[in-house]
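**Student:** Please find one structure pasted underneath; my questions will follow.
The values are calculated or read from the model by the stated rules, or taken from the named source; none is laboratory data. In this text, all values refer to a predicted model and were calculated from it rather than measured experimentally. Because the Cβ atoms are built from the backbone with ideal geometry, glycine has one as well, and the counts that use them run over all protein chains shown. Calculation scope for accessible area: heavy atoms of the full protein, side chains included, ligands and nucleic acids excluded. Shrake-Rupley method; radii C 1.70, N 1.55, O 1.52, S 1.80 Å.
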Amino acid sequence: VQLQASGGGLVQSGGSLRLSCVISVRGVSERPFSTYALGWFRQAPGKEREFVAGISYRTSDTIYYSSSVEGRFTISRDNTKNTAYPQMNSLEPDDTAVYHCATFRWGELWNEVSAFLHGLYDYWGQGTQVTVSS
């Protein structure tokens, strides 16, 4: 499984960005994209990795957001394109970080506690830089 995040950049405070995470599933032994719950994390310089948002697999009916982004960010997925998207609006300088997407471990229960735990994610993308100027 390989993840490729993109869409980062420099934006002014109050602006918007839409990130993308394309997931490549190789080989017939791999599970299809639709069976992966997905999470987005971010890490600013000198800070720990922080959960941003997560979306359940298949029907995408269970979504979680950190309190710092709820109401401003919207996460979605397109299973026909093997892609997940966080739409980030009303960006603030505190949103400046490298954003990573990751796949949630199969077999673990997806809920409002487990989704926040980066140790329960198996595959990670390289990240994309988001910089918000004041």
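**Student:** I'd like to check one number: the per residue accessible area of the chain, probe 1.4 Å, reported in Å² as a whole number.
**Tutor:** Working: 6860 Å² over 134 residues.
Heavy-atom accessible area per residue stands at 51 Å².
**Student:** To the nearest 20 debye, what charge dipole does the chain have about its Cα centre, counting +1 at the Cβ of each Lys and Arg and -1 at the Cβ of each Asp and Glu?
**Tutor:** Working: 11 positive and 12 negative charges, 78 e Å.
It works out to roughly 380 debye.
**Student:** Let me ask something else. If you keep only loop residues by DSSP, which trypsin sites (Lys or Arg not before Pro) in the stretch 53-134 have at most 15 other Cβ atoms within 10 Å of their Cβ?
**Tutor:** On the way: sites: Arg58, Arg72, Arg77, Lys81, Arg105; in loops: Arg58, Arg72, Lys81, Arg105.
Qualifying residues, ordered by number: Arg58, Arg72, Lys81.
**Student:** Now a separate question. Taking the inverse of the average 1/r across all pairs of different Cα atoms in the stretch 44-134, what Kirkwood radius in Å do you get? Don't skip to the end; give the middle numbers.
**Tutor:** Values: mean 1/r = 0.0713 Å⁻¹.
One decimal place: 14.0 Å for the Kirkwood radius.
**Student:** Could you tell me what percent of the accessible area of the stretch 85-134 is made up of carbon and sulfur, with a 1.4 Å probe and every protein chain present? Spell out each step's value before the answer.
**Tutor:** On the way: 1310 of 2460 Å².
Of all accessible area on the stretch 85-134, carbon and sulfur atoms account for 53 percent.
**Student:** Also, quick follow-up: May I ask you to list the GluC sites (Glu not before Pro) in the stretch 69-134 that are in a DSSP loop and have at most 16 other Cβ atoms within 10 Å of their Cβ? Display every interim value, and only then the final one.
**Tutor:** Numbers: sites: Glu70, Glu108, Glu112; in loops: Glu108, Glu112.
Counting only loop positions with at most 16 other Cβ atoms within 10 Å, the GluC sites (Glu not before Pro) in the stretch 69-134 are Glu108, Glu112.
**Student:** Hey, if you put +1 on the Cβ of every Lys and Arg and -1 on every Asp and Glu Cβ in the stretch 3-134, which of Gln4, Phe104, Thr74 ends up farthest toward the positive end of that dipole?
**Tutor:** After comparing all options, I get Gln4.
**Student:** Just to be sure I understand the model, the point goes 7 Å from the Cα along the line to the Cβ. What's the resulting Ser67 to Thr35 distance in nm?
**Tutor:** 3.7
**Student:** Also: Determine the distance separating the Cα centre of the stretch 102-134 from the Cα centre of the stretch 61-75; give it in Å without decimals.
**Tutor:** 13
**Student:** Springs between alpha-carbon atoms under 10 Å, Gaussian network over the chain: tell me which of Val52, Val25, Val98 tops the mean-square fluctuations.
**Tutor:** Looking only at Val52, Val25, Val98, the biggest GNM fluctuation is shown by Val25.
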